[in-house]
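Asker: Pasting a structure here, questions to come.
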Amino acid sequence: MSNGSEKIYVCATKNKHDLPANIIKQLREDCGDDKVVEIRSDLFNFKNGEQKPVINDSVRRKEIFLLWTIEEHVDTEILKLMFYMDALRRAGATPIRVVMPFFPYARQDKKKDREPISASMLARIYELIGADHSITTHLHNDAIEGFFFKQFDKVGTQKLFLGAIKTYWEKTYGEFNPSDWMLIFPDEGMAKQVRELSERIGAGGYGGFAKHRIRPNEVAKMEFFGSCEGKNVIIIDDMVDTGGTLAGAGKQLIELHGAKTVIAVATHGLLNGKAPQVLQESCFEKVFVTDSVHIPEEKKFDKLMTVSLAPMLAQVINKISKDESIHYENW
Ligand code: R5P
């Protein structure tokens, strides 16, 4: 399909998030201005909230990278994505490669009692409407990939975070050596990823928590397995929503298990409710997130460090456009 000399066509769903514009800017820097073509669109809203995107340029037989990000209301953005895909497909775009830095509803990936498996349902709907290829970053559960039938790629954020933590640490305190740090998972869902990362980077060890939730947004109990007496610790999660999971884990590590310094990392900074206050007042030295979702000014706090996904996603788009490997472990 692609031969590397073709143009790269990108189209971004409209909202206030600046990540799509930053990805396009980076792509232009990496590949040359004339190689990257932005497909223009408008988004109209009816008074009752209905959304109507209009694609302004021809996309017939064009491979389109559709950049989809979440600004605030997740369900509105999901519908917006569907309308964009429908418009692009009906206008002849093929294939449609959806770049979704954050995959919403990933926490609903299995059912208990009479519940939907929303993550699976959405994957099927996206593909039914037009997604020929879905590209995302840190997934809540790697098995979600199996909910998609068509081409699917995920890129990790671990190297990005490690680079950012190293830079911060060396600027503030001096040498950063992974073997001086323990990696901690805040719940069982992250256990495998954290163990593998710990082995890959030669961390000083790993450990983690078993989390008991009573209902969404409410954690009943967190049990720690491991030992971090006198150690520096990085807690790694896929997302931080209300901040309860991370702050609860951090507090225990410092107060009950003797950790020295605790840094929190979460790819998706949803930061809802009291999260900014909870995390600012927590024991964390810093809280690192990416810009996978829009973080408005009022959600920012002093301890928050945001690492942009733009350079990595630009590189991923460039590689895919040339049919090059984007092997997971490279990120
Ligand atoms: C849950 O299993 C996720 O991986 C996160 O730990 C969780 O969603 C974070 O939510 P909160 O910040 O509200 O505790």
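Asker: Does segment 228-238 contain at least one residue that is buried (at least 19 other Cβ atoms within 10 Å of the Cβ), modelled with pLDDT under 95 and away from the ligand (no atom under 11 Å from the Cβ)?
Answerer: Taking every residue of segment 228-238 in turn, at least one turns out to be buried (at least 19 other Cβ atoms within 10 Å of the Cβ), modelled with pLDDT under 95 and away from the ligand (no atom under 11 Å from the Cβ).
Asker: So, one more: Given LEU271, LEU253, which one is part of a helix (DSSP H, G or I) and at pLDDT 95 or above?
Answerer: Only one candidate passes the filter, namely LEU253.
Asker: Go through segment 54-91 and report how many residues are within 24 Å of PHE102 (Cα to Cα), of a type outside the set (A, V, I, L, M) and surrounded by fewer than 20 Cβ atoms within 10 Å (Cβ to Cβ).
Answerer: Result for segment 54-91: 8.
Asker: Is it the case that some residue within segment 44-62 is farther than 16 Å from HIS294 by Cβ, touching a Cys at 6+ places or on another chain (Cβ under 8 Å) and not hydroxyl-bearing (Ser, Thr, Tyr)?
Answerer: Yes: segment 44-62 contains one or more residues that are farther than 16 Å from HIS294 by Cβ, touching a Cys at 6+ places or on another chain (Cβ under 8 Å) and not hydroxyl-bearing (Ser, Thr, Tyr).
Asker: Restricting attention to strands (runs of 3 or more DSSP E) lying wholly within segment 148-221, give those where 2 or more residues are within 16 Å of the ligand (Cβ to nearest atom) and touching a helix residue (DSSP H, G or I) at 6+ places or on another chain (Cβ under 8 Å).
Answerer: In segment 148-221, 181-185, 206-215 are the strands (runs of 3 or more DSSP E) which contain 2 or more residues that are within 16 Å of the ligand (Cβ to nearest atom) and touching a helix residue (DSSP H, G or I) at 6+ places or on another chain (Cβ under 8 Å).
Asker: May I ask you to list the residues in segment 165-197 that are of a type in the set (S, T, N, Q) and surrounded by fewer than 18 Cβ atoms within 10 Å (Cβ to Cβ)? Step through it out loud before you land on a result.
Answerer: So in segment 165-197, the residues of a type in the set (S, T, N, Q) come out as 167, 172, 177, 179, 193.
Answer for segment 165-197, where residues must be of a type in the set (S, T, N, Q) and surrounded by fewer than 18 Cβ atoms within 10 Å (Cβ to Cβ): THR167, THR172, ASN177, SER179.
Asker: Could you please find all residues in segment 284-309 being within 16 Å of the ligand (Cβ to nearest atom), assigned to a loop (DSSP other than H, G, I, E, B) and more than 20 Å from ALA21 (Cβ to Cβ)? First the steps, then the outcome.
Answerer: Filtering segment 284-309 down to residues within 16 Å of the ligand (Cβ to nearest atom) leaves 284, 287-290, 292-293, 295, 299, 301, 303-304.
Then drop every residue that is not assigned to a loop (DSSP other than H, G, I, E, B), which leaves 284, 292, 295, 301, 303.
Scanning segment 284-309 gives PHE284, PHE301, LYS303.
Asker: Assuming GLY273 fulfils every condition listed in (1) at positive phi; (2) buried (at least 22 other Cβ atoms within 10 Å of the Cβ) apart from one, which condition is it?
Answerer: (2)
Asker: Let me ask something additional. Can you pull out the residues in segment 300-314 that are within 21 Å of TRP68 (Cα to Cα) and either crowded, with 17+ Cβ neighbours inside 10 Å or free of Cβ contacts under 8 Å to residues at least 12 places away in the same chain (or both)?
Answerer: VAL307, SER308, LEU309, ALA310, MET312, LEU313, ALA314
Asker: Let me ask something else. What's the total number of residues in segment 315-331 that are crowded, with 22+ Cβ neighbours inside 10 Å and either at positive phi or not small (Gly, Ala, Ser) (or both)?
Answerer: 2
Asker: What are the residues in segment 136-163 that are at pLDDT 95 or above, closer than 15 Å to TRP181 by Cα and either touching a Phe, Trp or Tyr at 6+ places or on another chain (Cβ under 7 Å) or buried (at least 16 other Cβ atoms within 10 Å of the Cβ) (or both), if any?
Answerer: PHE161, LEU162
Asker: Check segment 255-266 and report whether any residue there is farther than 14 Å from TRP181 by Cα, in contact with an Asp or Glu (Cβ under 6 Å, 6 or more places away or on another chain) and crowded, with 18+ Cβ neighbours inside 10 Å.
Answerer: For segment 255-266, residues farther than 14 Å from TRP181 by Cα, in contact with an Asp or Glu (Cβ under 6 Å, 6 or more places away or on another chain) and crowded, with 18+ Cβ neighbours inside 10 Å: present.
Asker: Does segment 33-53 include one or more residues that are of a type in the set (A, V, I, L, M) and in a helix (DSSP H, G or I)?
Answerer: No: segment 33-53 contains no residue that is of a type in the set (A, V, I, L, M) and in a helix (DSSP H, G or I).
One line per residue, one yes/no per condition, for (1) more than 30 Å from VAL36 (Cβ to Cβ); (2) in contact (Cβ under 8 Å) with a residue 12 or more places away in the chain; (3) touching a Cys at 6+ places or on another chain (Cβ under 7 Å); (4) more than 12 Å from the ligand (Cβ to nearest atom):
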residue: GLY248; (1), (2), (3), (4): yes, yes, no, no
residue: SER282; (1), (2), (3), (4): yes, yes, no, no
residue: VAL316; (1), (2), (3), (4): no, yes, no, yes
residue: HIS327; (1), (2), (3), (4): no, no, no, yes
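Asker: Can you name the number of the only condition in (1) surrounded by fewer than 22 Cβ atoms within 10 Å (Cβ to Cβ); (2) of a type outside the set (A, V, I, L, M); (3) more than 17 Å from TYR9 (Cα to Cα) that PHE102 fails?
Answerer: PHE102 satisfies all of (1) surrounded by fewer than 22 Cβ atoms within 10 Å (Cβ to Cβ); (2) of a type outside the set (A, V, I, L, M); (3) more than 17 Å from TYR9 (Cα to Cα) except (1).
The values are calculated or read from the model by the stated rules, or taken from the named source; none is laboratory data. No experiment lies behind these values; they were computed from the predicted model shown. Methodologically, a virtual Cβ is constructed for each residue, glycine included, from the backbone with ideal geometry; neighbour enumeration extends over all protein chains shown.
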